[in-house]
Amino acid sequence: QFLFVVTFTTFLLCCVEYDVLFANRPLNHSHAGGAAPDRSKVTLPDAILPGPQCAQRIRASGWIIFLLVMAAVFWLYRLVKVLCSLLSYWEIRTFYIKALNIPSEGLCNYSWQEVQARLISLQRRQQMCVHKRELTELDIYHRILRFKNYTVAMVNKSLLPVRFRLPLLGPVVFLTQGLKYNLELLLFWGPGSLFQNKWSLRPQCKRAGARRELARRLARAMVLLGLANLLLCPCVLVWQLLYAFFSYAEVIKREPGSLGARRWSLYGRHYLRHFNELNHELQARLSRGYKPATKYMNSFTSPLLTVLAKNVGFFAGSILAVLIVLTVYDEDVLTVQHILTAITLLGLVVTLARSFIPDEHTVWCPEQLLQRVLAHVHYMPDHWQGNASRSETRGEMAQLFQYKAVFILEELLSPILTPLILIFALPARALDIVDFFRNFTVEVVGVGDICSFAQLDVRNHGNPQWLSAGQTEASVYQQAENGKTELSLMHFAITNPRWQPPPPSELFLSHLKEKVQQDAAAAPPAQRILAEGPLGTSLLS
């Protein structure tokens, strides 16, 4: 895709004669037999310049040569990275076939739990991990999600990402793929990062006496990385614009309403992610919550916007109908300049206007809809309880579940805003980040340094609101927000039923099971709820 975008854009800039393509300049075709030249018909090859002339145009433009050189360097870097990944993937393939006895053609028939069970059994027989005899499910998750657990914990403790309060827009959370890449470069795998390799934190990061010096270094690295991003901003911005155009232009023309569809934001994926939750587990959970979340967000309508959309749709639709009727009556109408453009744009306007007009038969039940969302995403701030119908709740939900148009806009603005955040906003948090890694890193034999929240230890990181008295010793700084430790523990125990949790966590799970069984026994039968309850009556009707 990268090669195609670069090559095709260069071709469009330097190898097309647009005066001929737009018929601004007449083109003579000579015909054999002395026939008169046909000046009206222009073919596509007529508008494409010959190879030597195209190459001369490229050589004459210094900017295009500079961008092509930058693109070539980046492509070579990606090529080396892909080749290294292929070697790694080949090793993984060989390991699956020879060590786990899972053939390639049968891989799709195995669940992750079955693969994990074979890996644990193999450790008992061959002891691949020499530092410990037994490998647990939690050890495997820790190895795979080492860096991801740190990121989820920092988002949970509101250390990342940076929040802004903008006029008219209010509170804004900005996290894009570009900013995430830079943060991972600073913290995990870049030169001078806090981790010295893939499994171990630098020794000085664990010493309290070195915290200020480390914070100064990290802040300096943030500023330098921000300046590097600023220098590369033009190249990255051009690439983002081109890639967005080639990716979304045809989709917008075919389905203009797709920009009004929603998706889980990058910030939302980190905020809603459990500790020790693999990518496919997170994706499945958020996919189940997609439809309830869409219904909840669509339940908010603006009467003023609805009236405006109806009128705009009426005006644009009326003009469009007349143009279509004229075209059906006489197809020569299509030869009028810009008539096709007008029909296309009017069609887009009508489709967009319809997306803002709610279904008149929709019943507005925000509290029930938000509870359905919570059943799948599992996390909800306390102040959302009983306030599902408030615009503030919807605004905060929109940070987690954003419009696709907002996602595209954020990614386009990322090359401009990421350097500014790295230079001006993040250095102030360098000391807090260094303290976080020192205070919430533990070394596990056979695994290496991991985030202590990922141990799912309710005694050290539990929230008193979720636990009985005396079950946790965590201070406000040590406890995870919104019950993330407890919810992550429940999710991991359900996903891995053979896992043996530590005694405090096992006690919490046993109390939880007892409470669920008591509630289930005390609840009336489902048939009576449906028959007598107002919600049940409404559903049955």
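To keep it simple, each residue is scored yes or no on (1) in a helix (DSSP H, G or I); (2) open to solvent by 60 Å² or more (accessible area, probe 1.4 Å); (3) in contact with a helix residue (DSSP H, G or I) (Cβ under 7 Å, 6 or more places away or on another chain); (4) modelled with pLDDT of 90 or more.
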residue	(1), (2), (3), (4)
Ala454	yes, no, yes, yes
Thr472	no, no, yes, no
Lys484	yes, no, yes, yes
Phe492	yes, no, no, yes
Trp499	no, no, yes, yes
Gln517	yes, yes, no, no
Gln527	yes, yes, no, no
Ala531	yes, yes, no, no
Thr537	yes, yes, no, no
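For the criterion of being surrounded by 15 or more Cβ atoms within 10 Å (Cβ to Cβ), small (Gly, Ala, Ser) and within 27 Å of Ala23 (Cα to Cα), Gly313 fails. The helices (runs of 4 or more DSSP H) falling completely within the stretch 1-74 that include 3 or more residues that are over 18 Å from Leu242 (Cα atoms) and either open to solvent by less than 60 Å² (accessible area, probe 1.4 Å) or modelled with pLDDT under 90 (or both) map to 18-21, 51-60.
Of the residues in the stretch 325-340, none is under 25 Å from Lys404 (Cβ atoms) and either surrounded by fewer than 18 Cβ atoms within 10 Å (Cβ to Cβ) or not assigned by the TED database to the domain that holds Asn149 (or both). Within the span defined as the stretch 162-178, one or more residues are in contact (Cβ under 8 Å) with a residue 24 or more places away in the chain, surrounded by 15 or more Cβ atoms within 10 Å (Cβ to Cβ), of a type outside the set (S, T, N, Q) and part of a helix (DSSP H, G or I).
The set of residues in the stretch 385-411 being surrounded by fewer than 16 Cβ atoms within 10 Å (Cβ to Cβ) and either modelled with pLDDT of 95 or more or hydrophobic (A, V, I, L, M, F, W, C) (or both) consists of Ala405, Val406, Leu409. Considering (1) surrounded by fewer than 20 Cβ atoms within 10 Å (Cβ to Cβ); (2) within 30 Å of Leu413 (Cα to Cα); (3) in contact (Cβ under 8 Å) with a residue 40 or more places away in the chain, the lone condition that Leu225 does not fulfil carries the number (1).
Taking first residues from the stretch 70-98 that are outside the structural domain of Cys233 (by the TED database) and among the β-branched types (Val, Ile, Thr) and partners that are loosely packed, with under 10 Cβ neighbours inside 10 Å and part of a helix (DSSP H, G or I), the Cβ contacts under 7 Å between residues at least 6 apart in sequence or on separate chains come to Ile97/Ser104. What's the number of the only condition in (1) surrounded by 12 or more Cβ atoms within 10 Å (Cβ to Cβ); (2) closer than 30 Å to Ile140 by Cβ that Lys295 fails to meet? All conditions pass for Lys295, except number (2).
Are there helices (runs of 4 or more DSSP H) fully within the stretch 324-412 with at least 2 residues that are touching a Phe, Trp or Tyr at 6+ places or on another chain (Cβ under 8 Å) and closer than 30 Å to His270 by Cβ? List them. Outline the logic, then answer.
Working: elements: 339-355, 366-377, 391-400.
Passing ranges, in order: 366-377, 391-400.
Cβ-Cβ contacts under 8 Å between residues 6 or more apart (or on different chains), taken from a first residue in the stretch 509-524 that is under 13 Å from Ala493 (Cβ atoms) to a second residue that is among the hydrophobic types (A, V, I, L, M, F, W, C), are listed as Leu509/Leu489; Leu509/Met490; Leu509/Ala493; Leu512/Met490. Give me a count of the residues in the stretch 168-185 that are more than 17 Å from the chain's Cα centre (by Cα) and modelled with pLDDT of 85 or more. Within the stretch 168-185, residues that are more than 17 Å from the chain's Cα centre (by Cα) and modelled with pLDDT of 85 or more number 2.
The values are calculated or read from the model by the stated rules, or taken from the named source; none is laboratory data. Owing to the predicted nature of the structure, the values given are computational and were not obtained by experimental measurement. Methodologically, a virtual Cβ is constructed for each residue, glycine included, from the backbone with ideal geometry; neighbour enumeration extends over all protein chains shown. To get the accessible areas, we keep the full protein, side chains included, count just its heavy atoms, and leave off ligands, DNA and RNA. Shrake-Rupley method; radii C 1.70, N 1.55, O 1.52, S 1.80 Å.
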